[in-house]
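Down below is the structure, laid out as structure tokens.
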Ligand SMILES: [Zn+2]
């Protein structure tokens, strides 16, 4: 009788430990949007790499200035259309100096009903044109501190916090690109933010990033390989995804739908569909005020995937579950060997 009682008590403790663990980890799964803390489960269908607006091709400016009326008139109706197709959240990849303007992003989000997540970090693509001078003379720790401050105190005086870190490698492995990536690792270790790194087909940079992550004992799953759709060596991609890295296939344009179906089918066959993110690298307002669309995934790719044997569950995995797992805030150390 006594034995049964203790066994029962033990089971009860086990069960309650499990539930409380589950609940606390669920509560902790969050990210910051331009509206503040958001439970990760509420992100819904997410596009992980777009530009609501950017100043690509224009001179760098710490805060992006735009003709506000013209911007809102073009972007808000387009975002409403994207929202009507089912997209709930957009990760905006325009960094400081490259056109980031978080007050405008919040205004656009309010007007369109699309949740927007902004970033910290510097964009070191485009031959480092948008890297501020300070990054060359500051230490790695000083650069990281600027980004950590944005996370802890909000960006400038807006109270808006970044939801991820945006970085880039140009060709090869330059000193400034590695320096900024290392500052990204320090920022991750302090904030738990994921790093989206423009890498394209630069396998040398990919190898360098894996090496730096290893050196700092950080899980490769903190790194989103931006523009992985440009990588020709599928074996390298699959191998990297199996280490935990997120593969961002983020350059979709409508005519490439078949190519994306083939790639996704291959990645599914190779067992890494759980590491794939999809987006367009669109831009609803650039220097020429052109609209580089970002509705092809919902309009063309999803129906094509369904025709090619992808289940609703697969599609939910790529568009809903993977972005949550990739971007939920939390420090991730390398698993014990
Ligand atoms: Zn981009």
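The values are calculated or read from the model by the stated rules, or taken from the named source; none is laboratory data. Please read all numbers here as calculations on a predicted model, not as lab measurements. Note that we place each Cβ from the backbone using ideal geometry, even for glycine, and neighbour counts take in every protein chain shown.
General remarks:
- Looking only at the range 5-34, and only at residues there that are more than 17 Å from the chain's Cα centre (by Cα) and at pLDDT 50 or above, the one that is nearest to the ligand (Cβ to nearest atom): 28
- Pair list, Cβ under 8 Å, 6 or more apart: the range 271-283 residue under 12 Å from residue 92 (Cα atoms) and touching a residue at least 40 places away in the same chain (Cβ under 8 Å), other residue more than 9 Å from the ligand (Cβ to nearest atom) and in a helix (DSSP H, G or I): 279/297; 280/296; 280/297
- On the stretch given as the range 278-290, residues that are more than 19 Å from the chain's Cα centre (by Cα) and modelled with pLDDT of 95 or more total 1.
- Per-region count, the range 201-226, residues surrounded by fewer than 23 Cβ atoms within 10 Å (Cβ to Cβ) and within 15 Å of the chain's Cα centre (by Cα): 2
- Single condition residue 166 does not satisfy, out of (1) in contact with a helix residue (DSSP H, G or I) (Cβ under 8 Å, 6 or more places away or on another chain); (2) under 21 Å from residue 223 (Cα atoms); (3) outside any helix (DSSP H, G or I): (1)
- Verdict on residue 248 being modelled with pLDDT of 95 or more, surrounded by 22 or more Cβ atoms within 10 Å (Cβ to Cβ) and either in a helix (DSSP H, G or I) or under 14 Å from the mean Cα position of the chain (by Cα) (or both): yes
- Residues of the range 258-317 that turn out to be outside any loop (DSSP other than H, G, I, E, B) and on the phi > 0 side of the Ramachandran plot, as a count: 0
- Just one of the listed residues (156, 67) is surrounded by fewer than 16 Cβ atoms within 10 Å (Cβ to Cβ) and under 20 Å from residue 285 (Cα atoms), namely 67.
- The single residue among 86, 64 that is within 16 Å of the ligand (Cβ to nearest atom), under 26 Å from residue 296 (Cβ atoms) and touching a residue at least 12 places away in the same chain (Cβ under 8 Å) turns out to be 64.
- Considered as a group, the residues in the range 89-119 that are farther than 17 Å from residue 159 by Cβ, more than 16 Å from the ligand (Cβ to nearest atom) and within 18 Å of the chain's Cα centre (by Cα) include one that is surrounded by the most Cβ atoms within 10 Å (Cβ to Cβ), and that residue is 89.
- Filtered by the rule that a residue be outside any strand (DSSP E or B) and within 16 Å of the ligand (Cβ to nearest atom), the range 206-227 gives a lone residue, 227.
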